[in-house]
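**Student:** Sharing a structure here in structure tokens format.
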Amino acid sequence: MANFSRAILIGNLTRDPELRFSGGGTAVCKFSLAVNRRTKKGDTWEEEVSFFDIVAFGKTAENTAQYLAKGRSVFVEGDLVQRRWEAQDGQKRNKIEIIANTVQFLGAKPEGAGRGPAAPAAGGGDEPPDAPPPLDDDAIPF
């Protein structure tokens, strides 16, 4: 029997990406993504926000750190991984992270955001410099 744990998310960065390098020289970039979900409660629509920790490696990590900043919209596809460790107080801890296979930059670059020229896609492809803004949820007929 095969196992499968994949995540596909579109959201906004909650903080600037943090780039570090492993002892072997591999780029590792960590960032957090806020994903909004609209739910109907009675007669009104309410926004619920979920936060996800993302980790990217290699060239994807380097591009993400160079071209993304807090508030930027991205598409992330990757594997769900549970990290487990023991804290200094002896308590066992765990955390679910998404190990990004693809980070696709969405929408136009906000004024003053990013750290370089036009933003290419990390993990493959190129984004046009004047990409249209994301669709408004109200504009989608389903």
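Computed from the coordinates by the stated procedures, all read-outs in this text should not be read as laboratory data. Remember, predicted model here, so these are calculated numbers, not experimental data. Using ideal geometry, Cβ is built from the backbone for each residue, glycine included, and neighbour counts are taken over all protein chains shown.
**Student:** Select from segment 1-47 the residues that are surrounded by 10 or more Cβ atoms within 10 Å (Cβ to Cβ) and acidic (Asp, Glu) and write down the one among them that is nearest to residue 82 (Cα to Cα).
**Tutor:** 18
**Student:** Take segment 52-94 and flag every residue that is free of Cβ contacts under 8 Å to residues at least 12 places away in the same chain and surrounded by 18 or more Cβ atoms within 10 Å (Cβ to Cβ).
**Tutor:** Just the residues of segment 52-94 that are free of Cβ contacts under 8 Å to residues at least 12 places away in the same chain, to begin with: 84-93.
Across segment 52-94, there are no qualifying residues.
**Student:** Oh, and also: Restricting attention to segment 27-55, which residues are touching a strand residue (DSSP E or B) at 6+ places or on another chain (Cβ under 8 Å), more than 22 Å from residue 105 (Cα to Cα) and among the polar types (S, T, N, Q)?
**Tutor:** If the condition is that a residue be touching a strand residue (DSSP E or B) at 6+ places or on another chain (Cβ under 8 Å), more than 22 Å from residue 105 (Cα to Cα) and among the polar types (S, T, N, Q), then 39 is the only one that fits.
**Student:** On to the next question. Taking segment 50-68 as the search range and keeping residues that are part of a strand (DSSP E or B) and of a type in the set (Phe, Trp, Tyr), which one is nearest to residue 34 (Cα to Cα)? Let's see the steps before the verdict.
**Tutor:** Initially, segment 50-68 is screened for residues part of a strand (DSSP E or B), giving 50-57.
Imposing the further condition that a residue be of a type in the set (Phe, Trp, Tyr) reduces the set to 51-52, 57.
Details: 51: 5, 52: 7, 57: 20 Å.
Only one residue tops the list, namely 51.
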